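The numbers here are math on the coordinates, done by the rules we state, and not lab data. A quick note: this is a predicted structure, and the numbers were derived from the prediction, not measured. A quick note on method: Cβ atoms are made from the backbone with ideal geometry, for glycine too, and the neighbour counts reach across all protein chains shown.
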Amino acid sequence: MYTGKVESDEHDLRKYDFPLVDIPRLNCMDPQVDELIKSKKPVVLTGSNLVGAASKWDLDYLEKNMGNGDFTMFVSKGNQFKFFDEKKLVEMDSVSGAHIKNRPRKEYIRPAKRCTIKIQDFAKRIREWKDGDERIYLQQALNSTSGASVVQDFIRFRWDWVTAKQKLHNWGKLTYNLLLVGLQGNVTPCHYDEQENLFAQIHGHKRCILFPPEQFGCLYPHPVWHPHDRQSQVDLDNPDYERFPKMRDLHGFQAVIGPGDVLYIPIYWWHHIESVIPEKYTVSLNFWYKAGPVGEVEYPIKGYQKVAIMRNVEKMLAEAMQDPEEVGELLRTMVEGRFS
Ligand SMILES: CCC[C@@H](CC(=O)O)C(=O)C(=O)O
Ligand SMILES: [Zn+2]
């Protein structure tokens, strides 16, 4: 169980140009926990036993008990697993209307290829993996086909505790739990999700770097119609300050989480997550909850609300212009020399 400050070199952590402060680590019964969650600030919860029933979910156990399903796996030549939404290629046609259909479809580079695999084959590939091989990352929603023992373990999660959190903080419904099994060194690059996330670490350690929604301007997300919607264009591990000068203003929060820890990643908060040494692979399970109903709007509006507004403006303009390429031109015309 990780207990020290993050500078410890037990996980051989990469150094960054931007400052990083530790995310608070609190026992789940500490009253400060609900204050932090209420104010949409990240916190590492210890002692929740949320997924205690899954503490035995190592590769051998999963191999024997995940059943015979075809599970989703991503394969990457490098160590980055940047999410690519294939649906956007279709939606973009519908968003941008007929005439774009006959334009040459920009061939997007998919940093990670999606495929399916049996858990036994996946476990074999993890065991046999060696430096230089392409990397693999199993990312599978848990459901009733996930094998009887796994389902039994799932039922024994602390649903009382987590459902009380969901209700207390007025979150929407649990959309799903994503089981994540990845190699040491795998990175999910900087992105935000439109869901509240209780991120439970089961095996191995993950270094999590988070930025608040207010730092949107420093992280240059792809446009909403892009398959990399919600993903930052910047590579924190290989910064390009020419293209993205405001990266210099980044200041982040970090935590290394280990078995039994649960990291609260607030909705719209940016996160960059790396599986770190010493274990060869990591196992995590997230709990994604839809945003709760928007109550009384308090002014001034918050950073995450500005992100939601910017997303809606981008979508509306893409619909109106019928061509996403023209949206940038229109926004520049609107802003340049007028609002400074
Ligand atoms: C596909 C989800 C990946 C996960 C990060 C990680 O553990 O690699 C994450 O970003 C999240 O739980 O929101
Ligand atoms: Zn995420």
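With labels modelled as points extended 7 Å from the Cα through the Cβ direction, what inter-label distance (nm, one decimal) is found for TYR299 paired with GLU35?
2.9
For the stretch 172-270, what are Rg and Dmax over the alpha carbons, in angstrom?
14.3, 42
In square nanometres and to one decimal, what's the mean projected area of the convex hull around the Cα atoms of the chain?
On the way: hull surface 75.6 nm².
In nm², the orientation-averaged hull projection of the chain is 18.9.
Work out, step by step, the length gained on full extension between ASN170 and LYS130: first 0.36 nm times the residue separation, then minus their alpha carbon distance; give nm to one decimal.
Numbers: separation 40, 0.36 × 40 = 14.40 nm, distance 4.50 nm.
Stretched out fully, the ASN170 to LYS130 stretch lengthens by 9.9 nm.
Can you give the relative contact order of the stretch 187-340 as a percent, counting alpha carbon pairs under 8 Å and 6+ residues apart? Please list the in-between numbers first.
Working: 256 pairs, mean separation 57.6, N = 154.
It comes to 37 percent, rounded to a whole number.
At 7 Å along the Cα-to-beta-carbon direction for both LEU89 and MET310, put a label point, then send me their distance in nm to one decimal.
2.7
How much length is gained on full extension from GLU325 to ALA141, taking 0.36 nm per residue of separation minus their Cα-Cα distance? Provide the component values of the computation, followed by the final result.
On the way: separation 184, 0.36 × 184 = 66.24 nm, distance 3.46 nm.
Full extension from GLU325 to ALA141 adds 62.8 nm.
Give me the number: length gained by fully extending ASN238 to GLU214, i.e. 0.36 nm times residue separation minus the C-alpha to C-alpha distance, one decimal in nm. Before the final figure, lay out each step's value.
On the way: separation 24, 0.36 × 24 = 8.64 nm, distance 2.21 nm.
Using 0.36 nm per residue and subtracting the Cα-Cα distance, I get 6.4 nm.
Report the relative contact order of the chain, percent, no decimals, based on alpha-carbon pairs under 8 angstrom and at least 6 residues apart. Walk me through the numbers before you get to the answer.
Values: 659 pairs, mean separation 91.2, N = 340.
It comes to 27 percent, rounded to a whole number.
Would you grab the residues whose amide H sits under 5 Å from the one on VAL43? Only those 5+ places off in sequence or on another chain, please, with H modelled 1.01 Å from N.
Correct list: TYR264.
So what is the diffusion coefficient of the stretch 137-180 in µm² per second by Stokes-Einstein at 25 °C and 0.890 mPa s, using a Kirkwood Rh over Cα pairs?
Details: Rh = 11.8 Å.
Once the numbers are plugged in, D ends up at 207 µm²/s.
Over the stretch 220-340, with a single point scatterer placed on each C-alpha, what log10 of the ratio I(q)/I(0) does the Debye formula yield at q = 0.17, 0.20, 0.22 1/Å?
These q points yield log10 I(q)/I(0) values of -1.23, -1.45, -1.51.
Is there a pair in LYS40/LYS173; LYS64/LYS280; LYS165/LYS280; LYS40/LYS88; LYS88/LYS130; LYS88/LYS118 whose C-alpha atoms are over 23 Å apart, and which pairs would that be? Each step should come with its number before you reach the end.
On the way: LYS40/LYS173 17 Å; LYS64/LYS280 19 Å; LYS165/LYS280 33 Å; LYS40/LYS88 29 Å; LYS88/LYS130 34 Å; LYS88/LYS118 27 Å.
Over 23 Å Cα-Cα: LYS165/LYS280; LYS40/LYS88; LYS88/LYS130; LYS88/LYS118.
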